[in-house]
Amino acid sequence: MLLSAIFGTTTVAPPSYSTVITCGATKVGAPPRLAAGGGTVYGGMVIECSSRPQKKATKHHMKTRPRKSQAWDIRRGPTVYPPLPTLPPDWTLDTDDAIATAAAAASSSASAPPPAESE
C-alpha cells in the first residue's frame with residue numbers, strides 16, 4: 001500500500017540528474033516547492049500521486065481471475081481424454097531390396113507403351 005493512500009499526501013520525487021536545465025522561467029534543477037493544489041512543482045511541472053492507482057495488466061488479471069467457490073467444482077478433477085493413436089514415423093529407412101523392387105516396377109510399367117489404335 002502506498003504512503004499517499006494512507007496519509008493523503010503527495011510523494012516528493014527529486015530529479016535523478018544533477019545538472020540544471022532551464023524550462024521556461026523556472027529551473028528544473030532547483031529545489032522543489034509545494035503547489036497550491038498539494039502537488040510538488042519541478043520547473044513548472046506539477047507531480048501528483050494518484051489517490052486510487054490502478055493495477056497494471058498482470059497484477060490486475062491475477063487479482064480479478066475467476067476462482068472456484070462451489071464444493072463440486074473444487075473437487076472436480078481434470079478431464080480424462082482417450083489416448084491418441086501412434087503417429088506414423090517421419091522417416092523410414094529404405095533397404096537395397098526395396099529400392100531395387102521399386103525401380104523394377106517403375107521400369108517395367110514405363111518400357112511397354114500402350115498399343116496405338118488405327119482405323
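The values are calculated or read from the model by the stated rules, or taken from the named source; none is laboratory data. Computed from a prediction, not measured in an experiment: that's the story for all the values here. Every residue, glycine as well, gets a Cβ built from its backbone with ideal geometry; the counts of neighbours run over all protein chains shown. Each accessible area value is taken on the protein alone, full model and side chains, heavy atoms only, with ligands, DNA and RNA left out. Shrake-Rupley method; radii C 1.70, N 1.55, O 1.52, S 1.80 Å.
A 1.4 Å probe over all protein chains sorts 74, 47 by accessible area into 74, 47, starting with the largest.
A full extension of the chain between residue 95 and residue 57 corresponds to an added length of 7.9 nm, given 0.36 nm per residue minus the alpha carbon distance. The HN-Hα couplings worked out from phi for the range 69-76 by the Karplus form 6.51 cos²θ - 1.76 cosθ + 1.60 (θ = phi - 60°) are 10, 7, 5, 5, 7, 5, 6, 5 Hz, whole numbers, x standing for Gly and Pro.
The candidates 97, 90, arranged from most to least accessible area with a 1.4 Å probe in the full protein assembly, appear as 90, 97. Ordering 52, 67 by accessible surface, largest first, gives 52, 67; the 1.4 Å probe counts only protein heavy atoms, with every chain in place. Once all protein chains are placed together, residue 86 keeps about 130 Å² accessible to a 1.4 angstrom probe. The simple spin-label model puts a point 7 Å past each Cα toward its Cβ; for residue 47 and residue 71 those points are separated by 5.5 nm.
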